[in-house]
Protein chains: 2
Amino acid sequence: MATMQDVARRAQVSLSTVSYALSGTRPVSDATRRRIEDAMAELGFQPNAMARGLASRRSHVLALIYPAMEKGLGGTVAEFVSSAAETARENGYHLVLWPFRTTQAPEVRDLVRQGMADGVLLMEVALDDDRVDVLDEAGVPYTMIGRTRDVTDRPSVDIDFERTTDDAVQHLVDLGHRYVAFVNHSQATADDGYAPTFRAEEGFEAAMRRRGLEPVALRVDESPRAGRDAVATLLEREPRLTAFVTMNEIATFGVVAELQQRGVAIPEDMSILSIVTSPGVGEMSNPPLTTLHAPGAELGRLGVQKLLSLVDGSRPSTPNVLIPCVLEPGSSVAPAAGRAPDDDDREPVAR
Amino acid sequence: MATMQDVARRAQVSLSTVSYALSGTRPVSDATRRRIEDAMAELGFQPNAMARGLASRRSHVLALIYPAMEKGLGGTVAEFVSSAAETARENGYHLVLWPFRTTQAPEVRDLVRQGMADGVLLMEVALDDDRVDVLDEAGVPYTMIGRTRDVTDRPSVDIDFERTTDDAVQHLVDLGHRYVAFVNHSQATADDGYAPTFRAEEGFEAAMRRRGLEPVALRVDESPRAGRDAVATLLEREPRLTAFVTMNEIATFGVVAELQQRGVAIPEDMSILSIVTSPGVGEMSNPPLTTLHAPGAELGRLGVQKLLSLVDGSRPSTPNVLIPCVLEPGSSVAPAAGRAPDDDDREPVAR
DNA sequence: GCGTTTCGACGAAGCGCTTCGACGGACGAG
DNA sequence: CTCGTCCGTCGAAGCGCTTCGTCGAAACGC
């Protein structure tokens, strides 16, 4: 493999001049630059990543700490990772995968100290997450995908759960729904301090109350079986339900199956709005689900951009952002049974 | 950050002794080793990855070239990536993501020349793939996930499509099915030289013929709509069908929906066996699909292990492997209508 | 005309580690 | 007791780059 020294010899200049030509740190005359570029092309020169990293103390590597797979990552995560990797690459950075769960803060610390990464992207932050503290202490730039409990000014990008749940409720209320249930993630995720479970629940309840409606919410295990059971539980708790908002893909399929088995037509008798959904999942149901799909790709891109602005002071800094999920029409939402849509947006309290 | 020199000073030994203690390359007395270990612990020393990489010419990084997302990676890919990253980590390696499609061989070459990766894992190899040539030329160790056209002795791990399709056909034939259709990936994937499309198709047809049965196969776009249309096309071509083997997750949902709409009961009137399926996808259907699910995690692990054996001569070398998909029982497969299972395994040709 | 900038290029000192050759002392053999 | 071995340790030479200080020469001012 050709080294910079080889290029220098061939271009009849000193090693340092080649370096300056490459980095643009100091001016180089056009004639010299051209000779150097020719030499590089002829030799197929590519600067050695390790040497560059050692000398400059920047590895040009970003680490992505992602939830070590328990039960297969969903499409949203895949989309996120993919988009993050692509964005990193476009900016001359590499993305390495660090599969560490919330409890593995010490491992994160060790890896960070090895100086392999210039910055860290932290997925699936828990409300209280030791890994964040470790990164803070180590002084490594990082960006959270998600937010810890105290939404201080720690750098982050996240789904706007408040807005998303409000959009969901609004969408249904516009169609005349008054009795809406929320199928949340499981109690287990809550026990782990998984933030979306809390933020979406709070968001849903607030959105309902804000409209004078009574929220019905349930935490449901991630299984079709649990989804079926949830239908029973929720209908018992509020028989007048005309719509479900779900944030639990696997359980949603159970919900659909159970309703169909009970002879409840979707969307005529019951609307289903699946939120924070992976791409393509809506199509897998029959009828295709109306979804508010998670902006995984966008989060990946913005997360990396934010991180790069911290890593590399010369880039413009970006603010923390919250991105709402995007409505993707399907065929699982319709006006509330027996009501025309929009016929009384002013009648806040249920009959 | 503490350096090796700091450790050496604190332990009252020379820099090189610390290095030897760490790597075990040369003997170090117990007493000295202990002093060094203590010093390292007290300083929280972690060897600098760049310096180590530069001096030893090994980055301890593996690159994973994966299909740059077009339409959201499936669960299998996610599972694979995750398992590869984890296996790499367990062996002291990092996994970086290189999103490059088949046509981006030059980019791959440049990155490889930068010496950032000790080895490369190549996903979704096409039948003819320039990236493989680039890696061959560069002399970088690599392992293919999948196989190029000529299954020479290039290092690879792959799904055993022949075995998987044969298992699928066998499973159905055991239940008395004689008229079985295959819903393949799209023509577009075939045009891209996507190997599974060919290998599964050939495998299915061979498996059928081997049993004296007439294969009916169709390449279907990855959409529910296309899946619905496929049902019409295939039933027209062979009205006596009692089973579908599908290798196209999205289309499968269309197949199921269309059959149900036509009043064809699953599995009583028609069996559906979904092969090379992502984890969890079976559960998303109603009834839950019987699947032969893709061994994504296993491929990831074995792929990394194979690659490491090439990168690091001291590890035992592993042979190329083909892994069949694993049967995951659901409720979409039943004995052929009007026949008891196994009542005439000897009657090869249909009535 | 000479002193002073300015520009472009050079040399050398690291960055933190691996690894090679060498060396001193303890030890067994003769 | 002496010589040869072997074990454990040390010093130094890089790995391929970045970056700082410097310096010659061309360009400028008065």
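Scoring A:ASP166 on the criteria (1) away from chain B (no Cβ under 14 Å); (2) in contact with a strand residue (DSSP E or B) (Cβ under 9 Å, 6 or more places away or on another chain); (3) crowded, with 17+ Cβ neighbours inside 10 Å leaves a single failure, condition (2).
Any residue at all in segment B:281-301 that is open to solvent by 30 Å² or more (accessible area, probe 1.4 Å), more than 11 Å from chain A (Cβ to nearest Cβ) and not in a loop (DSSP other than H, G, I, E, B)?
The answer is yes; a qualifying residue exists.
Within segment A:40-63, the set of residues being away from DNA strand D (no atom under 12 Å from the Cβ) and open to solvent by 40 Å² or more (accessible area, probe 1.4 Å) comprises A:ALA41, A:GLU42. Looking across segment B:181-201, the residues that are farther than 15 Å from B:THR76 by Cβ and assigned to a loop (DSSP other than H, G, I, E, B) come down to B:SER186, B:ASP192, B:GLY193. Scanning segment A:237-262 for residues that are over 21 Å from A:ILE159 (Cα atoms) and either away from chain B (no Cβ under 14 Å) or under 20 Å from the mean Cα position of the chain (by Cα) (or both) turns up A:ARG237, A:GLU238, A:PRO239, A:ARG240, A:LEU241, A:THR242, A:ALA243. When each of B:VAL81, B:VAL7, B:VAL96 is tested for being crowded, with 23+ Cβ neighbours inside 10 Å, away from DNA strand D (no atom under 16 Å from the Cβ) and without any contact (Cβ under 8 Å) to a residue 60 or more places away in the chain, the lone residue that passes is B:VAL96. Selection of segment A:161-184 for residues being farther than 12 Å from A:PHE204 by Cβ and acidic (Asp, Glu) yields only A:ASP174. None of B:VAL96, B:VAL61, B:VAL77, B:VAL81 is under 24 Å from A:ARG57 (Cβ atoms), away from DNA strand C (no atom under 16 Å from the Cβ) and within 9 Å of another protein chain (Cβ to nearest Cβ) except B:VAL96.
Specify the residue that is farthest from DNA strand C (Cβ to nearest atom); the eligible residues are those in segment B:15-57 that are farther than 30 Å from B:ARG113 by Cα and of a type in the set (D, E, K, R). Walk me through it before giving the result.
First, the residues of segment B:15-57 that are farther than 30 Å from B:ARG113 by Cα: B:15, B:17-18, B:21, B:26-45.
Among the residues that remain, those that are also of a type in the set (D, E, K, R) are: B:26, B:30, B:33-35, B:37-38, B:42.
Details: B:ARG26: 7, B:ASP30: 14, B:ARG33: 14, B:ARG34: 18, B:ARG35: 17, B:GLU37: 15, B:ASP38: 17, B:GLU42: 15 Å.
It comes out as B:ARG34.
Condition first: small (Gly, Ala, Ser) and at pLDDT below 95. Can you find one or more residues in segment A:266-277 that meet it?
No; the residues of segment A:266-277 include none that is small (Gly, Ala, Ser) and at pLDDT below 95.
Looking only at residues in segment B:134-163 that are in contact with a helix residue (DSSP H, G or I) (Cβ under 7 Å, 6 or more places away or on another chain) and over 23 Å from B:ALA85 (Cα atoms), which one is most open to solvent (accessible area, probe 1.4 Å)? Out of the qualifying residues, it is B:GLU162.
Specify the residue that is nearest to the other protein chains (Cβ to nearest Cβ); the eligible residues are those in segment B:24-37 that are open to solvent by less than 80 Å² (accessible area, probe 1.4 Å), assigned to a helix (DSSP H, G or I) and not basic (Lys, Arg). Can you show your working first?
Looking only at segment B:24-37, we keep the residues that are open to solvent by less than 80 Å² (accessible area, probe 1.4 Å), and these are B:24, B:28-29, B:31-33, B:36.
Next, only the ones that are assigned to a helix (DSSP H, G or I) stay: B:31-33, B:36.
Subsequent filtering for residues that are not basic (Lys, Arg) retains B:31-32, B:36.
Working: B:ALA31: 26, B:THR32: 23, B:ILE36: 17 Å.
The extreme case among them is B:ILE36.
Going through segment B:217-236 one residue at a time, which ones are open to solvent by 10 Å² or more (accessible area, probe 1.4 Å), under 28 Å from the mean Cα position of the chain (by Cα) and more than 14 Å from chain A (Cβ to nearest Cβ)? If the condition is that a residue be open to solvent by 10 Å² or more (accessible area, probe 1.4 Å), under 28 Å from the mean Cα position of the chain (by Cα) and more than 14 Å from chain A (Cβ to nearest Cβ), then B:ALA217, B:LEU218, B:ARG219 are the ones that fit.
Kindly evaluate A:ARG89 against the criterion of being out of contact with any Asp or Glu (no Cβ under 8 Å at 6 or more places or on another chain), within 12 Å of DNA strand C (Cβ to nearest atom) and open to solvent by 10 Å² or more (accessible area, probe 1.4 Å).
Values: out of contact with any Asp or Glu (no Cβ under 8 Å at 6 or more places or on another chain): yes; within 12 Å of DNA strand C (Cβ to nearest atom): no; open to solvent by 10 Å² or more (accessible area, probe 1.4 Å): yes.
It is false that A:ARG89 is out of contact with any Asp or Glu (no Cβ under 8 Å at 6 or more places or on another chain), within 12 Å of DNA strand C (Cβ to nearest atom) and open to solvent by 10 Å² or more (accessible area, probe 1.4 Å).
The values are calculated or read from the model by the stated rules, or taken from the named source; none is laboratory data. Just so it is clear, the structure is predicted and the values come from calculations on it, not from any experiment. Cβ sites come from the backbone with ideal geometry, for glycine too, and all protein chains shown count toward neighbours. Ligands, DNA and RNA are stripped out before the accessible areas are found, and what is left, the full protein with its side chains, is counted by its heavy atoms. Shrake-Rupley method; radii C 1.70, N 1.55, O 1.52, S 1.80 Å.
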